[in-house]
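FYI, it's all coordinate maths here, none of it is from the lab. All of these numbers come straight from a predicted model, not from anything done at the bench. In this analysis, Cβ positions are derived from the backbone assuming ideal geometry, glycine residues included, and neighbour counts consider all displayed protein chains.
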Amino acid sequence: MHFDLPDLRLFIHIAESPSLTQGARRAFLSPAAASARIKALEAQLGSRLLYRDSRGVELTPAGQRLLQHARLIMRQVDYLKTEFADYGTDSAGHIRIFANTTAVTEFLPEILAGFLAERPGVTIDLQERLSRDIVRGVLDGSTDMGIIAGPVAASGLQVLHFSTDRLLLAVPKQHPLAGRKKITLNDTLEYQHIGLREGSTLLSFLREQVETLGKKLSLRIQVSSFEAICRMVEAGVGIGIIPESAAQRHSRTMQIETIELDEPWAIRERSILVRDLEALPGSVRALVATLRPEAAALQSDQ
């Protein structure tokens, strides 16, 4: 069985587009030529890969499997090009990262700024994703690395621990809960919470914990950052659960108090996820090496 790399790349473009026409455009082909190539690929595999209708295309189960393998193959091809173009150095390359909310907003910007300043030839695509999507992305090759907090329930991955994430409750200075040393999640639910926007990793995680208690998280307002949560808390709008790093930084300039969450899940280990560290390009390996001590140092300074 012989696969042409342009056909695999075309299939990826179509699978990631709402229609065959748009996928063909990304591959610089006419829709007719793209359709003929996909039909030839289906004939070679003996399986239908796409459902086509007036609304666009949808992957069949066989198409889903091919997409996973095609992404891995093309990413390895890109790695090969990078390695030979730069003789295995870490001075150039493109890195895609899937990370949780805390990583994207709290410590990655500063670390990546220093990393990129030293490597003008490196580009990075940083995307905030839910934990399950981070794991899936690393497994199927749609991202080079993932950054996650908490246990990782997936085989076939290397899990590289690099720091600890602690969640705290932020309350206004005059709030009825102010002054308490510890509190359970259940005890906070009688008050209205301030949360992050829909789709954020932390909000999804907290909702899962509340659901295990058979209750519902009452959100008065949703905002886009931990700083905005703290400002709302300071103004007396509600209470909010945030990472310790954000709590310590914003409590220096805002009239808020923090309370330790007496929950086993409140302390979560941060980890970097990769499929095979040694198989990654030099630029990705260099970022992993930078991240582990840098993240720990930033946490100790906060």
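Return the long-range amide H neighbours of residue 168 (sequence gap of 5 or more, or a different chain), with a cut-off of under 5 Å between placed amide H atoms.
Placed amide hydrogens put 242, 244 under 5 Å from residue 168.
What number, in percent, do you get for the relative contact order of region 8-110 if the mean sequence gap of Cα pairs under 8 Å and at least 6 apart is divided by its residue count? Please report the intermediate quantities before stating the final value.
Working: 74 pairs, mean separation 20.9, N = 103.
Once normalised by length, the contact order is 20 percent.
Using the per-residue mean of other Cβ atoms lying within 10 Å as a proxy for protection, in what order, highest first, do the peptides 129-140, 67-78, 234-245 fall? Kindly include the intermediate steps, with their values, before the conclusion.
Numbers: 129-140: 19.2, 67-78: 16.4, 234-245: 20.9.
The most tightly packed comes first, giving 234-245, 129-140, 67-78.
Can you give me the three principal axis dimensions of the chain from its C-alpha atoms, in Å, biggest first?
69, 46, 31
Could you tally up the Lys pairs in the chain with alpha carbons closer than 26 Å? Skip any pair fewer than 8 positions apart unless they're on separate chains. Walk me through the numbers before you get to the answer.
Working: 173/181; 173/182; 173/216; 181/215; 181/216; 182/215; 182/216.
Lysine pair count for the chain: 7.
Which residues' amide hydrogens lie under 5 Å from the amide hydrogen of residue 126, considering only partners 5 or more residues apart or on another chain, with H built in the peptide plane?
Distant-sequence amide H within range of residue 126: 97.
Only Cα pairs under 8 Å and at least 6 apart count here; give the relative contact order of the chain as a rounded whole percent.
Once normalised by length, the contact order is 22 percent.
Let me see the P(r) profile for region 5-81: every Cα-Cα distance counted, bins of 10 Å, each bin given as a percent of all pairs.
Values per bin, smallest distances first: 20, 56, 22, 1.
Would you mind estimating how fast region 229-271 diffuses translationally, via Stokes-Einstein at 25 °C and 0.890 mPa s with the Kirkwood radius over Cα pairs, in µm²/s?
Details: Rh = 11.3 Å.
Estimated diffusion coefficient is 216 µm²/s.
Residues in region 156-176, backbone N under 13 Å from the label point at residue 292 (7 Å along the Cα-to-beta-carbon vector): list them, ranges by number please.
Residues 158-163 fall inside that zone.
At a 10 angstrom cut-off on C-beta neighbours, averaged per residue, how do the peptides 204-212, 47-55 rank from highest to lowest?
On the way: 204-212: 15.3, 47-55: 13.0.
With the highest mean Cβ count within 10 Å placed first, the list reads 204-212, 47-55.
Roughly how tilted is helix 131-140, in degrees to the nearest 10 and between 0 and 90, from the longest Cα axis of the chain?
Around 20 degrees separate the two axes.
Bin all alpha-carbon pair distances of region 164-267 at 5 Å intervals from 0 and give each bin's fraction as a whole percent.
In whole percents, the pair-distance histogram is 2, 14, 27, 29, 21, 7, 1, 0.
Against the longest principal axis of the chain, how steep is helix 201-212, in degrees 0 to 90 to the nearest 10, with axes from Cα atoms?
Its long axis makes an angle of about 70 degrees.
So what's the angle, to the nearest 10 degrees on a 0 to 90 scale, between helix 61-85 and the longest Cα principal axis of the chain?
90 degrees
Once every DSSP H run of n ≥ 4 in the chain is given -39500 (n - 2.57) and the sum is divided by its residues, what mean residue ellipticity at 222 nm do you get, rounded to the nearest 500 deg cm²/dmol?
Details: 11 runs with 131 residues, N = 302.
Helix contribution divided over all residues of the chain: -13500 deg cm²/dmol.
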